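**Q** The structure under discussion is supplied below as structure tokens; questions concerning it will follow.
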Amino acid sequence: MSIAFLDGDYMPIEQAKISPLDRGFLFGDGIYEVVPSYAGKMVGFAPHIARMKSGLEAIGIQLNWSTEDWAELCNRLIAENGAGNLGLYLHVSRGTDTKRFHAFPENIAPTVFAFSFEIAPAPIADKSSVKAKKASTARDLRWERCQIKSTALLGNVLHFQQGYEQGSDETLLFNADNQLTEASACNVFIVKDGIVITPLLDNQKLPGITRQIILDVLRKDAQIAVEERIVSMDEVANADEVWITSSSKEIAPITEIDGKPVGDGSIGDIWLAVQTLYSAAKFDY
Ligand code: PLP
């Protein structure tokens, strides 16, 4: 049984209850994070908490939690739930109101909820053991503040479902100018002629922590060229490699998009090189 945290108490997840007047439930009015942890060691704890704090500030939720408070919560969840492969889900909603009214209520305490769930073992940098994934494509129909890791994920859920119903693992999203934004729950990278390329950050994408670590590791290693810039739909269609990245997947190679092979349809050498670097460095973040 999984042990969860809700508003100061630890309890079996089945016993965790919130009010239906919680604004997270009524409006998706909240911010969340998922921090991966393997054998008790977290990846990217500090940048995840920094992103959560900036998301809370962006939507005006005041929560007086320090980074140390979050560390204590995460370590307790790991201690309670076994040190396997865990996703630590951290969620803060604006809190519970006495009515349903759009304006922010005054003087209510944010709801803090956290639990852990099992994630797949971290990918090994080995072409024969990693599972290649398929993707679909769609016009990005989400809102214009995708840099905020909001709990209001209906747009993402609908895009994920679009691909899922076509037998895909993810949906790659393009804006009205046919530029790649991200995927429904991942950032996206392409490789062309040995160069690793990913869309520049702006309000159309979540600033992924995995993306950030990959870029940092590559720049420190300085062996493979990296570019952050606009990526067109044609470039995705003609890429040698395409990857999706997220905290629970790390770097996942896509070998088929809309039924067509990516490059020669096999997992690429640059994926292998970058996943090797990532695996070696990830616990330093
Ligand atoms: N983009 C979206 C829309 C996401 O939901 C996620 C992860 O949940 C990502 C990108 C990847 O972010 P991270 O690497 O921080 O997990």
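**Q** Using beta carbons and a limit of 6 Å, which pairs, at least six apart or on different chains, have the first residue in the range 197-210 and among the charged types (D, E, K, R) and the second one more than 6 Å from the ligand (Cβ to nearest atom)?
**A** Once the first residue is among the charged types (D, E, K, R) and sits in the range 197-210, its partners that are more than 6 Å from the ligand (Cβ to nearest atom) give LYS205/CYS146; LYS205/THR181.
**Q** Restricting to the range 158-169, give me the number of residues that are in contact with a helix residue (DSSP H, G or I) (Cβ under 9 Å, 6 or more places away or on another chain) and within 10 Å of the ligand (Cβ to nearest atom).
**A** Counting residues in the range 158-169 that are in contact with a helix residue (DSSP H, G or I) (Cβ under 9 Å, 6 or more places away or on another chain) and within 10 Å of the ligand (Cβ to nearest atom) gives 0.
**Q** Failed condition for ASP22, given (1) more than 23 Å from the chain's Cα centre (by Cα); (2) over 17 Å from SER150 (Cβ atoms), with all others met?
**A** The one condition ASP22 does not meet is (2).
**Q** May I pose another question? For the subset of the range 160-190 comprising residues that are farther than 26 Å from LEU215 by Cα and touching a Ser or Thr at 6+ places or on another chain (Cβ under 6 Å), which member is surrounded by the fewest Cβ atoms within 10 Å (Cβ to Cβ)?
**A** GLN166
**Q** Kindly provide the set of residues from the range 237-263 that are surrounded by fewer than 17 Cβ atoms within 10 Å (Cβ to Cβ) and either without any contact (Cβ under 8 Å) to a residue 24 or more places away in the chain or in contact with a Phe, Trp or Tyr (Cβ under 7 Å, 6 or more places away or on another chain) (or both), ordered by number.
**A** Across the range 237-263, the qualifying residues are ALA237, GLY259, LYS260, PRO261.
**Q** Does ALA185 satisfy being more than 16 Å from the ligand (Cβ to nearest atom), at pLDDT 95 or above, among the small types (Gly, Ala, Ser) and closer than 19 Å to THR137 by Cα?
**A** no
**Q** Kindly provide the set of residues from the range 197-206 that are surrounded by fewer than 16 Cβ atoms within 10 Å (Cβ to Cβ) and not charged (D, E, K, R), ordered by number.
**A** Quick first cut of the range 197-206, residues surrounded by fewer than 16 Cβ atoms within 10 Å (Cβ to Cβ) only: 200, 202-203.
The answer is LEU200, ASN203.
**Q** Among the residues of the range 10-28, are any closer than 16 Å to LEU86 by Cα and of a type in the set (Gly, Ala, Ser)?
**A** No, the range 10-28 contains no residue that is closer than 16 Å to LEU86 by Cα and of a type in the set (Gly, Ala, Ser).
**Q** Kindly indicate which of ALA125, ALA135 is surrounded by 19 or more Cβ atoms within 10 Å (Cβ to Cβ), at pLDDT 95 or above and under 30 Å from ALA79 (Cα atoms).
**A** ALA125
**Q** Need a quick list: strands (runs of 3 or more DSSP E) entirely within the range 222-285 having at least 2 residues that are farther than 22 Å from ASN85 by Cβ and out of contact with any helix residue (DSSP H, G or I) (no Cβ under 8 Å at 6 or more places or on another chain).
**A** Strands (runs of 3 or more DSSP E) meeting the threshold: 250-257.
**Q** Pick out the one residue from TRP70, TRP65 that is more than 30 Å from ALA280 (Cβ to Cβ), free of Cβ contacts under 8 Å to residues at least 60 places away in the same chain and among the aromatic types (Phe, Trp, Tyr).
**A** Numbers: TRP70 fails: more than 30 Å from ALA280 (Cβ to Cβ).
Going through TRP70, TRP65 in turn, just one is more than 30 Å from ALA280 (Cβ to Cβ), free of Cβ contacts under 8 Å to residues at least 60 places away in the same chain and among the aromatic types (Phe, Trp, Tyr): TRP65.
**Q** Which condition number does LYS53 fail, the rest of (1) more than 16 Å from the ligand (Cβ to nearest atom); (2) of a type in the set (Lys, Arg); (3) without any contact (Cβ under 8 Å) to a residue 40 or more places away in the chain being met?
**A** Checking LYS53 against (1) more than 16 Å from the ligand (Cβ to nearest atom); (2) of a type in the set (Lys, Arg); (3) without any contact (Cβ under 8 Å) to a residue 40 or more places away in the chain, the one that fails is (1).
**Q** Mind checking which pairs have a first residue in the range 131-150 that is over 18 Å from ILE251 (Cα atoms) and in contact (Cβ under 8 Å) with a residue 12 or more places away in the chain and a second that is more than 15 Å from the ligand (Cβ to nearest atom) and not in a strand (DSSP E or B), Cβ under 6 Å, 6 or more apart or different chains?
**A** Matching pairs, first to second residue: THR137/ASP258; ILE148/ALA58.
**Q** Test GLY155 against the criterion of being within 16 Å of the ligand (Cβ to nearest atom) and either over 19 Å from the mean Cα position of the chain (by Cα) or free of Cβ contacts under 8 Å to residues at least 60 places away in the same chain (or both), and give yes or no.
**A** Details: within 16 Å of the ligand (Cβ to nearest atom): yes; either over 19 Å from the mean Cα position of the chain (by Cα) or free of Cβ contacts under 8 Å to residues at least 60 places away in the same chain (or both): yes.
Yes; evaluated as a whole, the condition is true for this residue.
The values are calculated or read from the model by the stated rules, or taken from the named source; none is laboratory data. Quantities reported herein were computed from a predicted structural model and do not represent experimental measurements. Virtual Cβ from ideal backbone geometry, glycine too; neighbours counted across all protein chains shown.
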